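Below is one structure, written out as structure tokens; the observations come after it.
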Amino acid sequence: MAKQYQKILVPVDGSDQSYNAVREAVMLAQWSEGELIVLTVKDLVRYYGIANYGIVETPGLDKLANDILLKVGSIIPAEFKFKTQILSGSPKREIVQYAKDNDIDLIVMGATGAGAIDKLLAGSTTNYVVNHAPCAVTIIQG
């Protein structure tokens with residue numbers, strides 16, 4: 001018997017792969033009649049460096065996060081209900097911590113992120129999540 005996923009988390013960063021992960025997560029949530037949570041993390045480390053971690057946020061990061069969630073809303077069918085969450089910090093750590101704190105059953109995410117550095121590091125955020133998540137992780141290629 002296949003496992004039913006009651007709480008599915010899909011982190012999005014604005015990359016095509018993350019939007020493909022949203023599409024897959026919607027299908028899985030519909031199949032298992034589970035709850036879908038869409039998470040985006042304002043990456044303070046990437047934009048401000050470790051010295052200013054958590055101290056400064058700009059309207060630009062807020063707009064980027066909201067734009068990402070608007071695009072997600074245009075991908076997900078109108079009749080499908082889902083929750084959204086915006087966090088700030090290190091995406092890989094925030095994703096894992098959110099999954100731990102909220103009893104997530106499954107994380108669905110893209111293999112690589114939006115940034116050129118992420119692509120060079122072959123999905124360092126994804127690799128971290130796979131190795132530290134408290135639940136199953138499904139990786140979407142392409």
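Could you check region 61-81 and list, in sequence order, the residues that are open to solvent by less than 50 Å² (accessible area, probe 1.4 Å) and over 23 Å from Lys7 (Cβ atoms)?
Hit for region 61-81 is Leu61, nothing else.
So, of the residues in region 82-97 that are under 11 Å from Val41 (Cα atoms) and in a helix (DSSP H, G or I), which turns out to be most open to solvent (accessible area, probe 1.4 Å)?
Selected residue: Arg93.
What is the number of the single condition among (1) in contact (Cβ under 8 Å) with a residue 40 or more places away in the chain; (2) of a type in the set (D, E, K, R); (3) under 20 Å from Ala29 (Cβ atoms) that Glu94 does not meet?
(3)
Just give me the residues in region 64-81 being more than 20 Å from Leu44 (Cβ to Cβ) and without any contact (Cβ under 8 Å) to a residue 60 or more places away in the chain, in sequence order.
Leu70, Lys71, Gly73, Ser74, Ile75, Ile76, Pro77, Ala78, Glu79, Phe80, Lys81, listed by residue number.
The values are calculated or read from the model by the stated rules, or taken from the named source; none is laboratory data. Quick caveat: nothing in here was measured; it's all calculated off a predicted structure. Note: ideal-geometry Cβ built from the backbone for every residue, glycine included; neighbour counts use all protein chains shown. Calculation scope for accessible area: heavy atoms of the full protein, side chains included, ligands and nucleic acids excluded. Shrake-Rupley method; radii C 1.70, N 1.55, O 1.52, S 1.80 Å.
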